[in-house]
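K.L.:
Here it is, the structure, as C-alpha cells.
The values are calculated or read from the model by the stated rules, or taken from the named source; none is laboratory data. Predicted model only: the values in this text are computed from it and were never measured. Cβ placement follows ideal geometry from the backbone for every residue including glycine, while neighbour counts extend to all protein chains displayed.
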Amino acid sequence: MPPVPRLVVAPVFVRVLAVCTALCSLAACTAVSPAAGTKEAGAKGATSVGVAFSRGGRGDRSFNDSVGAGVDRAKAELGVSAKELSPNAAGSDLEEILRLLAETGHNPVLAVGFFYAQPLAKVAPAFPRTQFVIIDDATVKLPNVTNVVFREEQASYLVGAAAALKSATGRIGFVGGVQTPPQEKFLAGYEAGARAVNPGIRLSSVFMSQPPDFSGFSVPDKAQEAARGMYDGGADVVYHAAGASGLGVFQAAKAAGKWAIGVDVDQRKTVDAGLAGVILTSATKQLDVAVLSIVRDAAAGRPINGVHEFGLKEGGVGYATSGGELADIQPRLEQLRKQIVSGEIKVPVRPAESR
C-alpha cells in the first residue's frame with residue numbers, strides 16, 4: 001500500500017498567517033474618487049471577491065487551480081461570492097478585467113500573477129476603496145494594494161537537490177513559462193540545489209516565451225517538444241515551472257520513461273492517473289491557504305495592506321512526497337531544508353548567482 005501523500009511544510013505557517021490579522025493599517029488611501037457611474041464597494045468587509053486569473057484560468061491543475069481552491073474554500077467557509085474572469089490568449093485585456101471587477105463592486109480583487117503588475121498600477125488609484133491583492137509580485141506599492149509573494153527559489157532548491165540525487169545520467173532539465181525575474185527564481189533555486197549535491201551536474205534549461213509574449217504558460221505542445229529534446233539528450237529528470245504548459249512535460253516524461261517534477265501544487269495528485277507515475281515530486285506553495293487567509297481578513301474588515309511573504313520558514317513553500325519516491329533521499333532533503341530555514345544556506349534568486 002503506497003504511503004499517504006503529504007506535503008512537507010513548516011508547522012509555523014499558521015502563526016505567520018496570523019500576521020494577516022495583526023497588521024496595522026497603513027496611511028489612509030489617496031483621496032481619488034472612483035470612476036463615475038461605477039458601484040465600487042467600500043473597503044469594509046468582503047461580500048463578493050473578484051478574481052482575475054492567470055492565462056488559461058481554471059483547469060491548469062497547478063497555479064490557477066490552487067488559487068481557485070482557496071476561493072472555493074472562502075465561498076464555502078465564509079459565505080462570500082466570487083466573480084472569476086480570465087484574460088485572452090494574448091493577455092491584452094488585463095487592465096480591462098481589473099477595471100471591470102472593481103467597477104462592478106467586487107472587493108477585494110485578486111490579480112493572479114506577476115504580469116498584472118503594470119495594469120494594476122494604472123487601475124488601483126482609480127478605485128481607492130477597493131483592495132487589490134496581487135499574487136507573485138511585490139513591485140506595486142500603493143495603499144490599496146496587497147502583495148502576496150512566495151520564496152519559490154527555496155522550494156526549487158530542494159527539488160533540484162532531489163533531481164540531482166535521483167539522476168542516473170548526471171543530466172537534468174528545466175522548462176520555464178516566461179523568462180522574467182519571478183520565473184528565474186525557479187531556475188536559480190533548482191540549479192543551486194542540484195549543484196549543492198552534485199557539483200558536476202549538467203543542466204539544460206529553456207523558457208517557452210519572452211516578454212511581452214506571455215503565451216509560455218499555455219503551450220503544452222511546445223513544452224512537450226522541449227522536454228523531449230532534453231530527454232533525448234540524456235536528461236532523466238525535468239522540472240517545469242510553466243503553468244498549463246507543464247502537462248506537455250509530463251507527457252514527454254511518460255513517453256521517455258523518465259522523471260518529471262511538478263510545480264505549485266502536488267501535481268501527482270492533480271494530473272490524470274496515467275501521468276501521475278512520472279512525477280518524482282513537486283515544488284509546492286500554499287496558494288489556497290494564503291488566498292483564504294487574505295479573504296477571511298478582508299471579509300472581517302481587518303486591514304490586509306502590505307507585503308505578505310511566505311517561504312520555507314513560514315511553511316509557505318515545500319516539496320511533495322506523495323508516491324514515496326523520495327523516501328531514500330528525504331533525510332538529505334530535510335537537512336538542506338533546515339539549513340535554509342536557519343539561514344545557513346542562502347538560496348539565489350537569479351540563475352547567474354547559482355553558478
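K.L.:
(1) at negative phi; (2) out of contact with any Pro (no Cβ under 6 Å at 6 or more places or on another chain); (3) touching a residue at least 12 places away in the same chain (Cβ under 8 Å): which one isn't true of Glu96, the others all being true?
P.N.:
(3)
K.L.:
Looking for whichever is without any contact (Cβ under 8 Å) to a residue 24 or more places away in the chain and either more than 20 Å from Glu309 (Cα to Cα) or acidic (Asp, Glu) (or both) here; the options are Asp72, Asp65. Which one fits?
P.N.:
On the way: Asp65 fails: without any contact (Cβ under 8 Å) to a residue 24 or more places away in the chain.
Only one candidate qualifies: Asp72.
K.L.:
Let me ask something else. So which residues in the stretch 70-99 are crowded, with 18+ Cβ neighbours inside 10 Å and assigned to a helix (DSSP H, G or I)?
P.N.:
Answer for the stretch 70-99, where residues must be crowded, with 18+ Cβ neighbours inside 10 Å and assigned to a helix (DSSP H, G or I): Gly70, Val71, Ala74, Leu94, Ile97, Leu98, Arg99.
K.L.:
Further question on the same structure: Among the listed residues Leu203, Leu165, identify the single one that is surrounded by fewer than 24 Cβ atoms within 10 Å (Cβ to Cβ) and within 18 Å of Gln335 (Cβ to Cβ). Step through it out loud before you land on a result.
P.N.:
Working: Leu203 fails: within 18 Å of Gln335 (Cβ to Cβ).
The conditions single out Leu165.
K.L.:
Take Val263 and decide whether it is touching a strand residue (DSSP E or B) at 6+ places or on another chain (Cβ under 6 Å), buried (at least 24 other Cβ atoms within 10 Å of the Cβ), over 22 Å from Gly200 (Cα atoms) and touching a residue at least 24 places away in the same chain (Cβ under 8 Å).
P.N.:
Details: touching a strand residue (DSSP E or B) at 6+ places or on another chain (Cβ under 6 Å): yes; buried (at least 24 other Cβ atoms within 10 Å of the Cβ): yes; over 22 Å from Gly200 (Cα atoms): yes; touching a residue at least 24 places away in the same chain (Cβ under 8 Å): yes.
In short, yes.
K.L.:
Moving to a separate point now. I need the full set of residues from the stretch 303-344 which are part of a loop (DSSP other than H, G, I, E, B) and within 26 Å of Leu78 (Cβ to Cβ), in order please. Let's see the steps before the verdict.
P.N.:
Initial filter on the stretch 303-344 (part of a loop (DSSP other than H, G, I, E, B)): 303-305, 311-316, 321-329, 343-344.
If the condition is that a residue be part of a loop (DSSP other than H, G, I, E, B) and within 26 Å of Leu78 (Cβ to Cβ), then Pro303, Ile304, Asn305, Glu314, Gly315, Gly316 are the ones that fit.
K.L.:
Another question, then. Filter the stretch 80-93 down to the residues that are without any contact (Cβ under 8 Å) to a residue 60 or more places away in the chain and either in contact with a Leu (Cβ under 6 Å, 6 or more places away or on another chain) or not aliphatic (A, V, I, L, M) (or both) and list them by number.
P.N.:
Ser81, Lys83, Glu84, Ser86, Pro87, Asn88, Ser92, Asp93 - these are the residues of the stretch 80-93 that are without any contact (Cβ under 8 Å) to a residue 60 or more places away in the chain and either in contact with a Leu (Cβ under 6 Å, 6 or more places away or on another chain) or not aliphatic (A, V, I, L, M) (or both).
K.L.:
In addition: State whether one or more residues within the stretch 207-230 are out of contact with any Pro (no Cβ under 9 Å at 6 or more places or on another chain), farther than 22 Å from Val178 by Cβ and not in a strand (DSSP E or B).
P.N.:
no
K.L.:
Hey, among the residues in the stretch 346-355 that are outside any helix (DSSP H, G or I) and surrounded by fewer than 17 Cβ atoms within 10 Å (Cβ to Cβ), which one's modelled with the lowest pLDDT? First the steps, then the outcome.
P.N.:
Going through the stretch 346-355, the residues outside any helix (DSSP H, G or I) turn out to be 346-350, 355.
Subsequent filtering for residues that are surrounded by fewer than 17 Cβ atoms within 10 Å (Cβ to Cβ) retains 346, 350, 355.
Numbers: Lys346: 98, Arg350: 95, Arg355: 67.
So the residue we want is Arg355.
K.L.:
Is one or more of the residues making up the stretch 283-302 buried (at least 20 other Cβ atoms within 10 Å of the Cβ), assigned to a loop (DSSP other than H, G, I, E, B), more than 16 Å from the chain's Cα centre (by Cα) and not assigned by TED's automatic domain parsing to the domain that holds Ala260?
P.N.:
Scanning the stretch 283-302, I find no residue that is buried (at least 20 other Cβ atoms within 10 Å of the Cβ), assigned to a loop (DSSP other than H, G, I, E, B), more than 16 Å from the chain's Cα centre (by Cα) and not assigned by TED's automatic domain parsing to the domain that holds Ala260, so the answer is no.
K.L.:
Do the conditions hold for Ala126, that is, is it within 24 Å of the chain's Cα centre (by Cα) and among the small types (Gly, Ala, Ser)?
P.N.:
Working: within 24 Å of the chain's Cα centre (by Cα): no; among the small types (Gly, Ala, Ser): yes.
So Ala126 fails the test.
K.L.:
Any residue at all in the stretch 218-236 that's of a type outside the set (Val, Ile, Thr), crowded, with 24+ Cβ neighbours inside 10 Å and under 20 Å from Asp137 (Cβ atoms)?
P.N.:
no
K.L.:
Okay, moving on. Picking from Thr47, Thr130, which residue would you name as being at pLDDT 90 or above and farther than 26 Å from Thr270 by Cβ? Explain how you work it out, then say what you get.
P.N.:
Working: Thr47 fails: at pLDDT 90 or above.
Answer to the check: Thr130.
K.L.:
Could you list, in sequence order, all residues of the stretch 139-167 that are assigned to a loop (DSSP other than H, G, I, E, B), in contact with a strand residue (DSSP E or B) (Cβ under 7 Å, 6 or more places away or on another chain) and farther than 30 Å from Val197 by Cβ?
P.N.:
Let us first name the residues in the stretch 139-167 that are assigned to a loop (DSSP other than H, G, I, E, B), namely 139-144, 151, 167.
Next cut, in contact with a strand residue (DSSP E or B) (Cβ under 7 Å, 6 or more places away or on another chain) only: 140, 144, 151, 167.
Listed by number, the residues that qualify are Val140, Asn144.
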